[in-house]
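To keep things clear, I will list the structure first and then write my remarks on it.
The values are calculated or read from the model by the stated rules, or taken from the named source; none is laboratory data. Worth saying up front: this structure is predicted, and the values here are computed from it rather than measured. Virtual Cβ from ideal backbone geometry, glycine too; neighbours counted across all protein chains shown. Side chains are part of the model used for accessible areas, which takes the heavy atoms of the whole protein and leaves out ligands, DNA and RNA. Shrake-Rupley method; radii C 1.70, N 1.55, O 1.52, S 1.80 Å.
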Amino acid sequence: MVLRNYSKEFKTNLKLAAPIMMGQLGQVLVGLVDNLMVGDLGAAPLAAISLGNGLVFIALAIGLGFSFALTPLIAEMDGKQDVEGGRRYFHHGIVLCTVSGVVLCTFLFIAKPVLYHLNQPAEVVELALPYLNIVALSMIPLMIFQAFKQFADGLSQTRYAMYATLIANAVNVVFNYLLIYGIWIFPKLALEGAAIGTLISRFFMLIFFFLIFKKKEKFIPYLQWSSKERFEKSIFKRILILGFPTALQVLFEVAIFTASIFLAGSLGTHPQAANQIALNLASMTFMIAFGLGVAATIRVGNQKGMGAYSDLRRIAFSIFMLVLLIEVCFAFGFVILKDVLPGWYIDNAEVVSIAIDLLLIAAWFQVSDGMQTVILGALRGFQDVKIPTIICFVAYWVIGFPLCYYLSQHTVLGVRGIWIGLLLGLTISAVLLYVRFNYLSKKMIRNTALE
């Protein structure tokens, strides 16, 4: 009966998380298609798209972190049924996300020369630079879209962003095919074609979602923007106070995976290509946990707005249990299919052999990665971000990355050592974040009982 108190929430959790999972998984599948198409061009182009995206992911992590701050704030306002408060957070969030998109685009243009100083193969760097030039421009429409998406997520309206994302992904695949290979009247642009496809799809995604947004009754009150409305420093400040640590959390995790790309590249083109295969496969399963993490943020934020802390704890634990079950299944799937999956990407025996070994390690950090993601999402719903940020930094950069570096550069493990370090960092993060949530949720229940 005790278990039933948690499992009865599974349906609600999945209903809320499923559109987010589908949207994010769709984006990863587009990455898979990109890799498959580019993989046909050879190991160097595949390594180049990995290297270019490594820099993009660092910039994107910062922007996404700021946009994630909108979801718990809107969810809390929704729990309080405060439309006016939600509208003000939404409008201020749109401004911040637009500005961040411009800043991140500029950052990528300025940071390009860094690639020459990361001990990467020269041919890979030369291929990555034109790709990076075009993808940088797509940061602006992407960040504006994120403001709309995170706002809609906060209102528990998760399916509309999924529609926009999936259709935009289809647009991306079509233009990638036409422009990478030079089909019909289109020029053969190889990696630059993949970047142009990304740029077109992100503009399409923003426009499509905005058109949906304007027509839905749930959103209409929030779109009303009086000419007398003023921007308030206090609202910008609250979004930034929540958004900055959140951005650091995302940055710390994304950066360690990006660092793994650079470390793998220092070992040669084949280890880097194998690392990209394993990362892409792990990313697909991660999106399931990511969707449940957003669901945890929304549901915890709603319960916080209502002051229902006992239900908050029970609902959060139901999500923890659900992701644990799912990730264990994925771990066994990686072990069973390890000899099959890498061959989908590239016909190179050495790359495939390395990737198989990496998948065996990746299988076991599925559980840790999934757990730390949903617990972090629940803490975000609590609007508790400072201590979790410190936890992420210690787990990834004080413990995880030094181990990645030592094992890959100073032992015979090579690229396999990178993944062992990732596994340890994710596991420590999951354990410490759980301790933090357990303490905080019990404390809030005690404080409420004393009032």
*Counting only residues that are among the charged types (D, E, K, R) and farther than 30 Å from residue 73 by Cβ, which one in segment 149-205 is farthest from the chain's Cα centre (by Cα)?*
188
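Per-residue answers, yes or no, for (1) over 24 Å from residue 90 (Cα atoms); (2) in contact (Cβ under 8 Å) with a residue 40 or more places away in the chain; (3) among the charged types (D, E, K, R):
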site: 152; (1), (2), (3): no, yes, no
site: 157; (1), (2), (3): no, yes, no
site: 175; (1), (2), (3): yes, no, no
site: 181; (1), (2), (3): yes, yes, no
site: 193; (1), (2), (3): yes, no, no
site: 199; (1), (2), (3): yes, yes, no
site: 205; (1), (2), (3): no, yes, no
site: 214; (1), (2), (3): no, no, yes
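Given the structure, is residue 394 assigned to a helix (DSSP H, G or I) and either touching a residue at least 60 places away in the same chain (Cβ under 8 Å) or hydroxyl-bearing (Ser, Thr, Tyr) (or both)?
no
For the structure I just gave you, tell me whether residue 82 is farther than 18 Å from residue 139 by Cβ and touching a Leu at 6+ places or on another chain (Cβ under 6 Å). Spell out the reasoning first.
Details: farther than 18 Å from residue 139 by Cβ: yes; touching a Leu at 6+ places or on another chain (Cβ under 6 Å): no.
The answer is no for residue 82.
Can you find, within segment 62-90, the residue that is surrounded by the most Cβ atoms within 10 Å (Cβ to Cβ) among those that are β-branched (Val, Ile, Thr) and under 14 Å from residue 155 (Cβ atoms)? Write out each step before concluding.
From segment 62-90, those β-branched (Val, Ile, Thr) are 62, 71, 74, 83; that's our starting set.
Filter once more, so that each one left must be under 14 Å from residue 155 (Cβ atoms): 71, 74, 83.
Numbers: 71: 26, 74: 28, 83: 13.
Looking at residues that are β-branched (Val, Ile, Thr) and under 14 Å from residue 155 (Cβ atoms), I get 74.
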*What number of residues in segment 293-333 are touching a residue at least 12 places away in the same chain (Cβ under 8 Å) and acidic (Asp, Glu)?*
1
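When you look at residue 95, is it part of a helix (DSSP H, G or I) and at pLDDT 90 or above, yes or no?
Numbers: part of a helix (DSSP H, G or I): yes; at pLDDT 90 or above: yes.
The answer is yes for residue 95.
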_Which numbered condition residue 121 fails, given (1) open to solvent by 20 Å² or more (accessible area, probe 1.4 Å); (2) more than 21 Å from residue 269 (Cβ to Cβ)_ = (2)
*Residues of segment 46-61 being under 15 Å from residue 115 (Cα atoms), open to solvent by 20 Å² or more (accessible area, probe 1.4 Å) and not β-branched (Val, Ile, Thr), which ones?*
53, 57
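Restricting attention to segment 262-280, and to residues there that are surrounded by fewer than 24 Cβ atoms within 10 Å (Cβ to Cβ) and of a type in the set (A, V, I, L, M, F, W, C), which single residue is nearest to the chain's Cα centre (by Cα)? Walk me through it before giving the result.
Just the residues of segment 262-280 that are surrounded by fewer than 24 Cβ atoms within 10 Å (Cβ to Cβ), to begin with: 262, 266-270, 280.
Keeping just the survivors that are of a type in the set (A, V, I, L, M, F, W, C) gives 262, 267.
Numbers: 262: 19, 267: 26 Å.
Across segment 262-280, the extreme among qualifying residues is 262.
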_So for segment 58-69 (the condition being touching an Asp or Glu at 6+ places or on another chain (Cβ under 9 Å), assigned to a helix (DSSP H, G or I) and without any contact (Cβ under 8 Å) to a residue 60 or more places away in the chain), does at least one residue qualify?_
no
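Every residue, every condition in (1) open to solvent by less than 50 Å² (accessible area, probe 1.4 Å); (2) closer than 17 Å to residue 277 by Cβ; (3) not hydroxyl-bearing (Ser, Thr, Tyr), yes or no:
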position	(1), (2), (3)
357	no, yes, yes
379	yes, no, yes
391	yes, no, yes
431	no, no, yes
442	no, no, yes
